[in-house]
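Written below as C-alpha cells is the structure these notes are about.
The values are calculated or read from the model by the stated rules, or taken from the named source; none is laboratory data. The shown structure was predicted, so the numbers you read here are calculated from the model rather than taken from an experiment. No Cβ is skipped: glycine too gets one built from the backbone with ideal geometry, and neighbour counts run over all protein chains shown.
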C-alpha cells in the first residue's frame, strides 16, 4: 500500500505517518519543512523498516507541486491512499491580521488541498481501491468568530469531501472527513488547552487514538469521523441551534479564553 | 579539576546538583532548554562563588539533532580545556507529557527525552568518559517499579497514559545503567541511577494539561527541596571506592525492580541503538 501524506512533518502528520508505517504501508511524505521530513523519515525507517520517500514542497505553489509530480511520475509511483493533513490557522480577529496572511489560510487549506487531491487521484494505482482523508475540524460545524477564516475553510473541506465522495463512489474510492476537536500537536497547543482549564482537557482528543480510528474508518468506507462523545454532542448542537446564537456564544467564550491565555 | 556535564541543569534537581558540584570545585557544564533560565542559573552559581567554573549550553535534548549538535560543542570544549576528559555525566533532563506527543523523529516525547536523549548523549561523550574513567548518573524514580517495558509498543501509541509513559521511561533509566555497566565496567566507566524521592520541582507543571498540572501542584507540596537529592549525585561523583550498586537513594543503595535483568537491558540497548542509529560497540573505532 502506498500512502501520500501532506503536512507530514507537523504533529498530526507525524502521528498519521507513524500509524501507517506501523501497518507496514510505504510512505510518500511531503511538507514545506524539509528538515522535519528528514528527521521523520529517519525515525520511521528505524522503527518500522518501511520505505519512506520524502520531498519538500510548497503546496500553495503550482511550480513546486509540478516538480514533485514530475518526480512521482519519473519513478512511476502510484498511490492507494491520500491523507490531506496540511493546513494552517492564525487565531484572532479578522481585522487584527495582515491581509495576505489571512488569504494564505484559504490558499493552503482549500486551494492547495484541491490541487494535490486532483493530482493524486489521477495517480491512483489502477484497478485498486483508493482512499482519501480530508482533515477538517470540529470548527467546520459552526461559524466561529475569532477563527472565522479557518472555520470557514474547514467547512469548505467538509462539504467538498461529501460531494466528491458521491462523485467517486462508483470508482471504488472512499472519502472520509476527519473533524477533530483540539489535539495536542504542538507545544503551543498545550497553552491553549491549559487556558481553557477543565474544558480544555475534556474536549481534547488523544492524537494516537484519533489517527488509528481515522485510518480504520477510512478503509472501511465511512464518511465522517468526529472523535469523542462530547465533540459529537457539540457538532449535533451546531446543527439545531441557530448559527447567530452559536456565533455569539463562541465569540464570548474565545474572548474569555484568549484573555485567560494572555494573562497566565 | 574534574568536569561534569549535567542535563536539565537550569532548574529543579539539575540546578541544585550543579550548584553543589560547583561548590565542591567541579567544572560544571550545564545543558538547558531556556536561555533565560540558563543565564539565571549561571549567575546564581557565580554569585555564590565568583571563582566557580560553570558554563551553560542550550539544547532541546528530546530532538536528536540537538543532542548531536550540543555534544559536538561539549566535546570541543572538553578537548580544548579539559584534556578531553569528562569525570561525570548526569543525565537528569526529564519531562512529563499529558498526551501522546512526538519529536521530529516521530518518537514519543517522554521516551525520547527521559531515556533516548541520555542514551545518545552518553554515546557521544563516551570517549571523554573513558579517558577519565567517568561515571554516568541517571535521574530515576521509584515509579519505575510495578511496570514492564511495553516491547511491542514502546512509544505507547496504543494506550497512552502519562503515568505509564513516565514509569516506563524511568525503568529504561535503570536498564540503560545496567547495560552500560555490563559493557563498559572494564573500561572503568560506572553507571548509576539516583532515586531523588518526591521533590518539589516543576516537572509536572511544564507543558502539561489541566489534570496533570493540578495533581502535581498538590503532590509537589509534600516533596523535599531539590538540594536533598543533589547530595546523592555529589556522593556518586565523589566516592573513591566505586560502589557496586546500581540504584541510590539518600547516598545509600536501594532495591530496584525485578524487571532490571540482563535480558531486558540488552534488548533495550539494541532497540535504542537502532532508534538513535548508533552502535556503542564501535565507539573509538575509527
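General remarks:
- Segment A:38-49, residues that are at pLDDT 95 or above and over 15 Å from residue A:6 (Cα atoms): A:39, A:42, A:43, A:44, A:45, A:46, A:47, A:48
- Segment B:9-116 holds helices (runs of 4 or more DSSP H) entirely within its bounds, and those carrying 3 or more residues that are under 26 Å from residue B:272 (Cβ atoms) map to B:12-23, B:64-81.
- Residues that are without any contact (Cβ under 8 Å) to a residue 24 or more places away in the chain, under 18 Å from the mean Cα position of the chain (by Cα), farther than 17 Å from residue A:20 by Cβ and more than 8 Å from chain B (Cβ to nearest Cβ) within segment A:183-215 comprise just one, A:188.
- The number of residues in segment B:203-227 being surrounded by fewer than 16 Cβ atoms within 10 Å (Cβ to Cβ) and closer than 23 Å to residue A:196 by Cβ comes to 6.
- Matching residues in segment A:216-239 - criterion: being within 14 Å of chain B (Cβ to nearest Cβ) and in contact (Cβ under 8 Å) with a residue 12 or more places away in the chain: A:227, A:228
- Of the residues making up segment B:220-255, those that are under 19 Å from residue B:181 (Cβ atoms) and either within 14 Å of chain A (Cβ to nearest Cβ) or under 17 Å from the mean Cα position of the chain (by Cα) (or both) are B:232, B:233, B:235, B:236, B:237, B:246, B:247, B:248, B:249.
- Some residue of segment B:203-219 being away from every other protein chain (no Cβ under 14 Å), farther than 26 Å from residue B:13 by Cα and out of contact with any helix residue (DSSP H, G or I) (no Cβ under 7 Å at 6 or more places or on another chain): no
- In segment A:1-118, counting only strands (runs of 3 or more DSSP E) that sit wholly within it, the ones holding 2 or more residues that are within 14 Å of chain B (Cβ to nearest Cβ), within 15 Å of the chain's Cα centre (by Cα) and closer than 23 Å to residue B:103 by Cβ span A:26-31.
- Scanning segment B:19-52 for residues that are in contact with a helix residue (DSSP H, G or I) (Cβ under 7 Å, 6 or more places away or on another chain) and over 21 Å from residue B:225 (Cβ atoms) yields B:29, B:31.
- At least 2 residues being buried (at least 19 other Cβ atoms within 10 Å of the Cβ) is the threshold, and among the helices (runs of 4 or more DSSP H) wholly inside segment A:137-243 those reaching it are A:148-168, A:187-195, A:198-203, A:207-219.
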